[in-house]
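The values are calculated or read from the model by the stated rules, or taken from the named source; none is laboratory data. Because the structure is a prediction, the values reported are computed rather than measured. Here the Cβ is made from the backbone with ideal geometry for all residues, glycine too, and neighbour counts use every protein chain on show. When the accessible area is computed, the model is the full protein with side chains, heavy atoms only, and any ligands, DNA or RNA have been set aside. Shrake-Rupley method; radii C 1.70, N 1.55, O 1.52, S 1.80 Å.
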Amino acid sequence: MTNTTGSSQGPALEQEGPIKKFFRATEIDTRILGMIVALVLVWCIFDIWSGIIRPNEGLFGGSFLTPRNLWTLLVQTSSIAVMSTGMVLLIVLRQIDLSVGSMLSLVAVATGVLQVYQLAPALGVGHPAIWILGVLMCLGVGTLIGAFNGFLTAYAKIPAFIVTLGGLIAYSGVAFLLAKGETVAPMDQNFGVFGGGIERSWLGPFWSWLIAIIACAAIIYAIVNGRRQRQRFGFPLRPVWAEVFLATVGSIVMLGTTLVMNSYAWPPKLIENFAKANSIVIPAGIENKDGKAICMAADSIVRCTEGFILYTGYSLPALIAIGVCLVMTFVATRTSFGRYVYATGGNPEAAELAGINTKWLTVKVFALMGFLVGVSSIISSARLNAATNALGQTNELYVIAATVIGGTSLAGGVGTIYGAMIGALMMQSIISGMSLLNLAAAYQNMVVGGVLVLAVYLDQLYRRNVK
Amino acid sequence: MAKTPAKKTIAAKNVSKPVATETHETPLAVTGSQTFRKTRAQPEGIPLIEMKEISIAFGGIKAVDHASINLFPGEVVGLLGHNGAGKSTLIKVLSGAYKRDAGSIHVEGKEVTINNPRDAKAQGIETIYQTLALADNVDAAANLYLGRELKTKMGTLDDVAMEAECRKVMHRLNPNFRRFKEPVMKLSGGQRQSVAIARAIHFNARILIMDEPTAALGPQETAQVGELIKQLKAEGIGIFLISHDLHDVFDLADRLVVMKNGKVVGTASTKDVDHDEVLGMIIAGKCPSGAIPGPGAMRN
Ligand SMILES: Nc1ncnc2c1ncn2[C@@H]1O[C@H](COP(=O)(O)OP(=O)(O)OP(=O)(O)O)[C@@H](O)[C@H]1O
Ligand SMILES: [Mg+2]
């Protein structure tokens, strides 16, 4: 795939070179590393390419590696990323859910109808109960539909492919009927914070840094604690330099991401509104049309490089996606539920004989998938500030593609949550990178499809070579 | 192969419970079509396990047909028969893997419901399956504790503690085993079998079912399993041992049960029959005089 992975699996197989020793000591998954390198490479190419067409402030002179684009990328990826974490567990369990897109539309329309036609007239627009009930509606309906899919699969023994193919067709029909074919809008204004499109859904630098620091502390705690656990039983330990390396890399990635998020400024118009609303004195300055801050020049508010400025920091949907990724990684690796999902995917008969109730487990994983579709439907409908029966159309394809690009095997038993997150990021990067280059959607689809097949091919090559 | 000839007369070994009685009537006699003159080799007391008149069919095939077997504490019962005789199917009824069509299961005299593997485990019945039944994509410790994981105080998986325990058990079975971090699909056949055995013996079973436990093991490991069986037996555990190796069965078992086409041909104390007679039971269904005939015995 890239130079780095190439050299680590090529000649290093024969003798234990320093590279191989490094990967063994740090226990870094070379496959995931390859994906990350590929992702970064894709980003660089888009930045350079877009810079050739129209120079901008990106890292390589283009418009891809800019805070604005990366910030948007995270927001755009969040809905698919959240669902793909659930899809990982389903595919690991040797199941699949083709109905997530239609389910998302149905759930979004249901919450839209509740908010717009029922609660808003009854309680008054903007009543705080509206967004709470709206969110609960999404999570509840999503979980129920998921459990229903799971029940038909596990207890009625209809293959998941058929159950959810039926769901794909049927749920969008239900969504159409519920919405009466109309666009349900606007959503409740508080509900909108989940979309990332309004000021209130931006955390700002202070909270973003706080979260980053807590995350770094958590990374270091996890590494230290893991080491202490292994010491308790006198197991072999990783070399200290490897532990320090992992902690450093983890912290740098976390702080770097936060730095990028914190350097994306609010649109000047919104800064101006904020300043007025909070009676903040706008400092005087010199006009600069490319500046991101605002200042007073000759009694009017203009753009300038030095002046009053506000940064967005993390947006709520991006934070939700990162949080879901962490929680789902925990569920998959640290709980017996996760262990059962993997074991059942590896050998369903063995899991049953070990006393695992695999049918109930199947229902639970489908229900979890439905819950995550509920989360995504909140993000999607809040972002659009509307719900339609087409909101989630083809989402199932992107979710499954992200999962598979992320290294989940359709044969079951193998897959990681963070892999799927990177897969989702990869796909969204290609889509938004190509639209930056003004390439038509048709080309975007061709490339995404090609990448999906290529990723699986490379994965197979990798697995064959590693064995 | 070239180990020992039949040692049916060397009874020195059997110091434990099984006692030959003359008059004890077996459950077999109640429904069997023949009348039995003599019954022997039936230990006294309440059996640990009694499976009565078990039947199960797959489609048209009667895989197990009115089979009755029992097992006493501290006893090893060898289960023999040709390929497809129904041995695995019968013990899978006991382990909860299959639901029987008819018959009943009694533990210490009390009828119990065993409808799934969880029910069987709750009764202290542990099984080493012929197929090993391992989850290939997770490591040895995860397989050992599958379904009953050790948890930390926070309720999360305590992988380190599980690995530590796993190292202990595996050391007892296979001292050369080192690959604790690998998914078991990367292990050799014998190593995988050791993991399956470890899982069955680790949870204080009262009843142990071993379906060809040494099929993939080397001579040293096989001997180790033999020692293990004797040790478990001395602890009062009852063991069903399925094997095609007559030497092993004569070496380890107190009694043997032979099945043919889903039916029990006969039951005998290993002291009362010799190799050739057992071969006759397996191949032709001929029940020798030292054995209690079952419904599957050839009539003459
Ligand atoms: N799940 C199943 N579905 C259908 N038929 C089965 C099933 N399991 C076993 N059978 C049939 O039941 C019969 C008994 O099989 P079983 O596995 O109990 O034999 P066995 O005595 O263990 O043989 P072996 O010595 O080869 O292990 C065979 O005819 C087999 O084909
Ligand atoms: Mg068998």
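Brief remarks on what is shown
- The C-beta contact set for the stretch B:126-137 (first residue more than 8 Å from chain A (Cβ to nearest Cβ) and touching a residue at least 60 places away in the same chain (Cβ under 8 Å), second residue assigned to a loop (DSSP other than H, G, I, E, B) and surrounded by fewer than 23 Cβ atoms within 10 Å (Cβ to Cβ), distance under 6 angstrom, 6+ apart or interchain) comprises B:Glu126/B:Ala205; B:Gln130/B:Glu212.
- In the set (1) more than 21 Å from A:Leu316 (Cβ to Cβ); (2) touching a Phe, Trp or Tyr at 6+ places or on another chain (Cβ under 7 Å), the condition left unmet by A:Thr183 is number (2).
- Of all residues in the stretch B:187-199, one or more are over 20 Å from the mean Cα position of the chain (by Cα) and open to solvent by less than 20 Å² (accessible area, probe 1.4 Å).
- Residues that are of a type outside the set (Gly, Ala, Ser), crowded, with 24+ Cβ neighbours inside 10 Å and within 12 Å of ligand 1 (Cβ to nearest atom), drawn from the stretch B:55-78: B:Val64
- With respect to the conditions (1) surrounded by fewer than 13 Cβ atoms within 10 Å (Cβ to Cβ); (2) closer than 21 Å to A:Asp29 by Cα, A:Ile422 lacks only one, and its number is (1).
- Subset of the stretch B:79-118 that is away from ligand 1 (no atom under 13 Å from the Cβ) and among the small types (Gly, Ala, Ser) - its residue that is surrounded by the fewest Cβ atoms within 10 Å (Cβ to Cβ): B:Gly109
- Lone qualifier among A:Leu106, A:Leu119, A:Leu133 - being in contact with a helix residue (DSSP H, G or I) (Cβ under 8 Å, 6 or more places away or on another chain) and surrounded by 24 or more Cβ atoms within 10 Å (Cβ to Cβ): A:Leu106
- Every residue from the stretch B:154-185 that is modelled with pLDDT under 90, basic (Lys, Arg) and out of contact with any strand residue (DSSP E or B) (no Cβ under 7 Å at 6 or more places or on another chain): B:Arg172, B:Arg178, B:Arg179
- Residues of the stretch B:229-245 satisfying the condition of being buried (at least 20 other Cβ atoms within 10 Å of the Cβ) and away from ligand 2 (no atom under 16 Å from the Cβ): B:Ile229, B:Lys233, B:Ile237, B:Gly238, B:Ile239
- Residue list for the stretch B:161-174, filter: touching a helix residue (DSSP H, G or I) at 6+ places or on another chain (Cβ under 6 Å) and more than 8 Å from every other protein chain (Cβ to nearest Cβ): B:Met162, B:Cys166, B:Val169, B:Met170, B:Leu173, B:Asn174
- Selection of the stretch A:281-292 for residues being open to solvent by 60 Å² or more (accessible area, probe 1.4 Å) and under 12 Å from A:Phe308 (Cβ atoms) yields A:Val281, A:Ala284, A:Lys292.
- Tallying residues that are more than 16 Å from ligand 2 (Cβ to nearest atom), within 25 Å of B:Gln123 (Cα to Cα) and not small (Gly, Ala, Ser) within the stretch B:209-226 yields 1.
- Entry remark, the stretch B:175-186: residues being surrounded by fewer than 19 Cβ atoms within 10 Å (Cβ to Cβ), within 10 Å of chain A (Cβ to nearest Cβ) and touching a residue at least 12 places away in the same chain (Cβ under 8 Å) number 3 in total.
- Residue match in the stretch A:328-338 (condition: away from chain B (no Cβ under 14 Å) and under 30 Å from B:Leu144 (Cβ atoms)): yes
- Residue within the stretch A:426-441 that is more than 25 Å from A:Phe46 (Cβ to Cβ) and assigned by TED's automatic domain parsing to the domain that holds A:Thr143 present: no
- Selection count, the stretch B:112-136, where residues are of a type in the set (A, V, I, L, M, F, W, C) and over 20 Å from B:Leu71 (Cα atoms): 4
- Only residues that are in a helix (DSSP H, G or I), at the interface with chain B (Cβ under 8 Å from one of its Cβ atoms) and open to solvent by 40 Å² or more (accessible area, probe 1.4 Å) were counted in the stretch A:341-371, giving 2.
- Looking across the stretch B:124-176, just one residue is of a type in the set (A, V, I, L, M, F, W, C), out of contact with any Leu (no Cβ under 8 Å at 6 or more places or on another chain) and within 16 Å of ligand 1 (Cβ to nearest atom), and that is B:Leu132.
- Residue check, A:Met261 surrounded by 13 or more Cβ atoms within 10 Å (Cβ to Cβ), more than 14 Å from every other protein chain (Cβ to nearest Cβ) and closer than 18 Å to A:Ser201 by Cβ: yes
- Counting the residues of the stretch A:411-447 that are more than 14 Å from chain B (Cβ to nearest Cβ) and either on the phi > 0 side of the Ramachandran plot or in a loop (DSSP other than H, G, I, E, B) (or both) gives 4.
- Qualifying residue in the stretch A:333-342 (condition: among the basic types (Lys, Arg) and modelled with pLDDT of 95 or more): yes
- Residues in the stretch B:138-160 that are at the interface with chain A (Cβ under 7 Å from one of its Cβ atoms) and open to solvent by 10 Å² or more (accessible area, probe 1.4 Å): B:Val138, B:Gly147, B:Glu149, B:Thr156, B:Val160.
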